[in-house]
Amino acid sequence: MSRLSQIILPIALLSHPALANNFNYNTFELRAASGTNTFGGEVYLPITNNSHIITRLDSHLNNDWDAAAGVGFNGPVSPFLDLYGQLLAHHVNPEDLENPPEGYDEESDVYGEINLGGRLWLTPQVEVVGHYARLVDDEDNRSAYTVGARFHSTQQLSFGLDWKHYQVYEHQIAFAVRFAYR
């Protein structure tokens, strides 16, 4: 056995084949959250197979909002698990300008977000999702997170239930309907 064969054979045996994304990243979502009574939505627009643009907006519909836009990556780790990450810019306009949420001044605020999460198939129609984020501005850093599950009734339609904590609107339980448009 040649020296080259001794190097290539173990690498070939240990490597696994490339996998396609396990989840659809061409989606549009509408949601309503209890606890804080917000409404919102988000859109994923793919740039390549493993990168996307994301926009999202949540509001009490009372001249307040948390709007975010940015870029992200996504990729398979196994046939059942995708990891994703995003870099977002937020613009926040608190509803109650007399008593804004902790960490926000009385004016609108701009901050960055970096997050990392995963999506896992539990069954062919049930997905669990979660991510952890750091929200960064000039004065401090805050944590945010989401944990949830989604039932895929068809390839184009899914229903989700998420527990979220995104600082501006505190703890929320959100019901979402997600549409795949490709």
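The table below lists the values:
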read-out	value
Share of Cα-Cα pairs in the stretch 141-182 lying beyond 12 Å, as whole percent	61 percent
Accessible surface of the stretch 34-75, 1.4 Å probe, proportion on carbon and sulfur as whole %	63 percent
Net charge of neighbours whose Cβ lies under 12 Å from the Cβ of Gly70, counting Lys and Arg as +1 and Asp and Glu as -1	-1
Å² per residue, accessible surface of the stretch 33-182 at 1.4 Å	53 Å²
Sequence of Tyr132, Tyr111 when ordered by accessible area, the most exposed leading, probe 1.4 angstrom	Tyr132, Tyr111
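The values are calculated or read from the model by the stated rules, or taken from the named source; none is laboratory data. Keep in mind that this is a model prediction, so the values were computed, not measured. Neighbour counts are summed over all protein chains in view; Cβ atoms, including those assigned to glycine, are modelled from backbone coordinates with ideal geometry. The area values use the complete protein model at the heavy-atom level, side chains included, leaving out ligands, DNA and RNA. Shrake-Rupley method; radii C 1.70, N 1.55, O 1.52, S 1.80 Å.
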